[in-house]
Amino acid sequence: MQAVILAAGRGTRMGDLVKDTPKPMLEVAGKTLLEHKFDVLPENVDEIILVVGYLQDIIKNHFGNSYNGKKISYLTQENIVGGTADALWQAKGVLKGKFLVMMGDDLYAQEDITACLAYEWALLVEQLVDLGTRGKVFVDTDQRIAEILEHEEHSGGSGLASTNMFVLDERIFDYPLVMRSKSKKEYGLPQTVAAAARAAQIPFYAVPATRWIQITNPEDIRKAEEVLAKTV
């Protein structure tokens with residue numbers, strides 16, 4: 001099985017930390033963000049596809065072509081402001097069958113990844129009291145996803161937040177890219193997947209996360225280290 005990790009963006013909210021280091025290479029508890037993801041991939045994932053862009057040579061030189069027996073290949077997102085769907089589309093020609101999609105900066109738990117793999121298509125979600133700037137996931141009574149809205153288009157408050165960790169298959173590429181929102185001229189993967197699932201009538205399930213750590217600013221690194229210290 002293949003896992004795609006979207007690691008092209010600059011991560012401007014990290015400030016000077018990403019001046020000379022790509023965000024996915026920042027360290028949390030002694031390991032890079034990418035290594036944290038590599039280490040929780042299920043055993044049946046034998047190829048990691050990294051979609052890179054900003055300071056990509058640092059990532060390539062650090063990891064080379066393999067990590068603990070898993071093959072690593074690289075694809076470049078030339079337009080790093082094209083959005084998460086545009087990033088995944090860079091891998092259109094190399095993905096076969098069922099695959100994982102993960103963000104290059106967030107941290108996930110292996111048991112959550114395994115739970116998502118039980119479905120044809122799935123999105124890891126977390127129930128939050130305050131969604132803030134996170135995407136909001138709307139589900140039916142069977143936990144099938146009906147719609148995903150970015151923060152510009154929902155009223156905030158509590159709800160299911162999208163973690164942007166997906167289980168998909170190559171059928172996704174049969175459907176068009178969808179804009180993230182009316183105000184954001186970039187292609188959003190959550191919106192693209194939700195639209196494709198509706199059009200193809202593919203069951204697309206929300207799977208609750210046991211642990212999701214979002215890294216968006218320098219303070220999140222300290223918080224992540226505190227959370228990880230409690231799980232050791």
Between Ile202, Ile172, Ile148, which is assigned to a strand (DSSP E or B), of a type in the set (A, V, I, L, M) and either modelled with pLDDT of 90 or more or over 19 Å from the mean Cα position of the chain (by Cα) (or both)? Ile148
The condition from (1) touching a Phe, Trp or Tyr at 6+ places or on another chain (Cβ under 9 Å); (2) closer than 23 Å to Glu219 by Cα; (3) surrounded by fewer than 22 Cβ atoms within 10 Å (Cβ to Cβ); (4) among the basic types (Lys, Arg) that Lys70 misses is numbered (2)
(1) surrounded by fewer than 20 Cβ atoms within 10 Å (Cβ to Cβ); (2) under 15 Å from the mean Cα position of the chain (by Cα); (3) at pLDDT below 95; (4) not aromatic (Phe, Trp, Tyr) all hold for Glu78 apart from (2)
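Residues are listed down the side, and each one gets a yes or a no for (1) among the hydrophobic types (A, V, I, L, M, F, W, C); (2) closer than 21 Å to Arg171 by Cβ:
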{"residue": "Trp89", "(1), (2)": "yes, yes"}
{"residue": "Ala146", "(1), (2)": "yes, yes"}
{"residue": "Leu149", "(1), (2)": "yes, no"}
{"residue": "Gly156", "(1), (2)": "no, no"}
Selection count, the range 85-105, where residues are in contact (Cβ under 8 Å) with a residue 40 or more places away in the chain, open to solvent by 10 Å² or more (accessible area, probe 1.4 Å) and over 12 Å from Phe166 (Cβ atoms): 7
Members of the range 29-41 that are modelled with pLDDT of 95 or more and not basic (Lys, Arg): Thr32, Leu33, Leu34, Glu35, His36, Phe38, Asp39, Val40, Leu41
Determine whether Lys185 is assigned to a loop (DSSP other than H, G, I, E, B) and either free of Cβ contacts under 8 Å to residues at least 60 places away in the same chain or closer than 24 Å to Leu88 by Cβ (or both). yes
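Quick grid of which residues meet (1) closer than 30 Å to Lys19 by Cα; (2) part of a helix (DSSP H, G or I):
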{"position": "Ala161", "(1), (2)": "yes, no"}
{"position": "Leu168", "(1), (2)": "no, no"}
{"position": "Leu177", "(1), (2)": "no, no"}
{"position": "Ala224", "(1), (2)": "yes, yes"}
{"position": "Leu228", "(1), (2)": "yes, yes"}
For residues that are among the basic types (Lys, Arg) and under 20 Å from Trp121 (Cβ atoms), scanning just the range 179-232, find the one that is most open to solvent (accessible area, probe 1.4 Å). Arg198
Taking the range 159-178 as the search range and keeping residues that are touching a helix residue (DSSP H, G or I) at 6+ places or on another chain (Cβ under 7 Å) and over 14 Å from Leu124 (Cα atoms), which one is surrounded by the most Cβ atoms within 10 Å (Cβ to Cβ)? Ile172
Taking only the range 106-115 into account, find how many residues are assigned to a helix (DSSP H, G or I) and open to solvent by less than 70 Å² (accessible area, probe 1.4 Å). 3
Pull up the range 9-22, narrow it to residues that are under 18 Å from Gln90 (Cβ atoms) and in contact with a Leu (Cβ under 9 Å, 6 or more places away or on another chain), then point me to the one that is least open to solvent (accessible area, probe 1.4 Å). Pro22
Filter result (touching a strand residue (DSSP E or B) at 6+ places or on another chain (Cβ under 8 Å) and either outside any strand (DSSP E or B) or of a type in the set (D, E, K, R) (or both)) within the range 119-135: Tyr119, Glu120, Glu126, Leu131, Arg134, Gly135
Restricting to the range 116-139, and then to whatever is buried (at least 18 other Cβ atoms within 10 Å of the Cβ) and of a type in the set (Gly, Ala, Ser), can you tell me which residue is farthest from Asn217 (Cα to Cα)? Ala122
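The values are calculated or read from the model by the stated rules, or taken from the named source; none is laboratory data. Predicted model only: the values in this text are computed from it and were never measured. Counting neighbours? That spans all protein chains shown, and the Cβs are built from the backbone with ideal geometry, glycine included. What goes into the accessible areas is simple: the full protein's heavy atoms, side chains included, and nothing from ligands, DNA or RNA. Shrake-Rupley method; radii C 1.70, N 1.55, O 1.52, S 1.80 Å.
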